[in-house]
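Undergrad: Provided herewith is a single structure, encoded as structure tokens, for subsequent inquiry.
The values are calculated or read from the model by the stated rules, or taken from the named source; none is laboratory data. Given the structure is predicted, the values throughout are model-derived calculations rather than measurements. Here the Cβ positions follow ideal geometry from the backbone for every residue, glycine too, while neighbour counts run over all protein chains shown. Keep in mind that these areas ignore ligands, DNA and RNA; they rest on the heavy atoms of the full protein, side chains included. Shrake-Rupley method; radii C 1.70, N 1.55, O 1.52, S 1.80 Å.
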Amino acid sequence: MKENKKGKLYVVATPIGNLGDITLRAIEILKKVDLIAAEDTRHTLKLLNHLEISKPLVSYHRHNEEIKTKELIEKLLKGQNIALVSDAGTPGICDPGEVVIKNCIKEKITIIPIPGACAMINALIVSGIDTKEFIFLGFLPIHKKLRKEKLNEIQQSKKTIILYEAPHKLESTLKDLEDFVKDRKIVLARELTKIHEEFIRGDVREIIKETKNLKGEMILIIEGDKKEKEENNFEKITLQEHYELYEKQGIEKKEIIKKIAKDRNLSKNEIYQKFI
Ligand code: SAM
């Protein structure tokens, strides 16, 4: 059988704060590869210095992913072994990685995951919120329409929801979430594995109160919707009660009419008519 001379791509998880979280296998791989592709080479250099590893580094980040993928694939095809790392945690999880991995698959290059820290998993496992089924939505989009779609998805999700957030956007995200997750449990996990690691628990209003000007890296774990679906009971309540149900949730009039129409399988006009 012909020997496969291609190199391998190792996708290596690195610590999310505490350097003690690097695994023995990650160290072994970083020592043995020919090249390390890093999201920020200066950042990774600090980790390598700490581990007393000296290796050639190339940058591989969001803005050069396409070009760098070509270079990395050429090197892999020539037989070089490469480790891919991001600034923190697991590459590909809200971090670059996807493009080179898809291209490796095309070129039949072996890809080996080297497990380790991933912020969302660590926030989830100590959240006390259902871990059986969950959805990871990464960062909420900034674009208004897309953001609204995600907020609706969060409102309707029966599964636990995980969000990443930047500290300077936390306040506006919590404000946006307010109407969509009213009484549901939320855990804000901050600075995981670091000195100021902290978990703030409560409903959205309590979290808003306790997180004014909060700094550091943070994750939101939101309980899924545990209420019985109201739709089943809509026939049993009057239109007025139906309206008040949504009004109490702080939803505005136009949106309420839309929702009622959907719940009752009627047109918006029919709902307006009934109110008149
Ligand atoms: N690839 C990383 C992972 O495996 O979790 C995530 C990278 S993403 C660009 C950065 C976001 O992850 C931060 O904005 C924050 O939401 C979350 N994060 C990373 N490190 C964290 C930490 N130590 N504590 C809390 N959240 C963290």
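Undergrad: Output the relative contact order of the chain, whole-number percent, from Cα pairs under 8 angstrom with separation of 6+ residues.
TA: Relative CO of the chain lands at 17 percent.
Undergrad: Please work out the average accessible area per residue across segment 230-274, using the 1.4 Å probe convention, and give it in Å².
TA: In whole numbers, segment 230-274 has 74 Å² accessible per residue.
Undergrad: If you don't mind, another one. Spin-label point model (7 Å from Cα, Cβ direction): what's the K5 to E197 distance in nm?
TA: 4.8 nm
Undergrad: To continue, here is another question. In whole percent, how big is the carbon plus sulfur part of the accessible area of segment 8-117, probe 1.4 Å, protein atoms only?
TA: Carbon-and-sulfur percentage of accessible area, whole number: 52.
Undergrad: Where a ≥ b ≥ c are the square roots of the eigenvalues of the C-alpha gyration tensor, would you call segment 230-274 rounded, which needs a/c under 1.5, or, failing that, prolate if a/b is larger than b/c, or oblate?
TA: Oblate, since a/c reaches 1.5 and b/c is not below a/b.
Undergrad: For every helix of n ≥ 4 consecutive DSSP H residues, a contribution of -39,500 (n - 2.57) applies; sum these over the chain, divide by its total residues, and give [θ] at 222 nm rounded to the nearest 500 deg cm²/dmol.
TA: -11500 deg cm²/dmol
Undergrad: How large is the accessible surface per residue of segment 34-162, computed with a 1.4 Å probe and reported in Å² as a whole number?
TA: With the other protein chains kept in place, segment 34-162 gives 55 Å² per residue.
Undergrad: Counting DSSP beta bridges with both partners in the chain, what percentage is antiparallel, nearest 5? Display every interim value, and only then the final one.
TA: On the way: 16 of 34 bridges.
Restricted to the chain, the bridges split so that about 45 percent are antiparallel.
Undergrad: Can you tell me the relative contact order of segment 120-222? Whole percent, Cα pairs under 8 Å, sequence separation 6 or more. Walk me through the numbers on the way to the answer.
TA: On the way: 159 pairs, mean separation 32.7, N = 103.
Averaging sequence separation for qualifying contacts and normalising by length gives 32 percent for segment 120-222.
Undergrad: Hey, any idea what % of segment 230-274's accessible area is carbon plus sulfur with a 1.4 Å probe? Write out the running numbers ahead of the final one.
TA: Working: 1460 of 3310 Å².
Ligands and nucleic acids excluded, carbon and sulfur reach 44 percent.
Undergrad: For segment 33-123, what does the alpha-carbon gyration tensor say about shape, rounded, prolate or oblate, given a ≥ b ≥ c as the root eigenvalues, a/c under 1.5 as rounded, and a/b over b/c as prolate?
TA: Judged from the Cα gyration tensor, segment 33-123 comes out oblate (a/c at least 1.5, b/c at or above a/b).
Undergrad: Assuming R0 = 51 Å, can you tell me the calculated FRET efficiency for the pair K253 and E28, based on Cβ-Cβ distance, to the nearest 0.05?
TA: It comes to 0.25.
Undergrad: Give me the percent relative contact order of segment 1-139, please, defined on Cα pairs under 8 angstrom at least 6 residues apart.
TA: Reported as a whole number, the value is 38 percent.
Undergrad: Of K68/K194; K132/K209; K75/K102; K182/K226, which ones are farther than 23 Å apart at the Cα?
TA: Cα-Cα > 23 Å for K68/K194; K132/K209; rest within.
Undergrad: Could you identify which residue out of I29, I161, I105 has the top mean-square fluctuation in a GNM of the chain using Cα springs shorter than 10 Å?
TA: Comparing I29, I161, I105 in a Gaussian network model of the chain, the most mobile one is I105.
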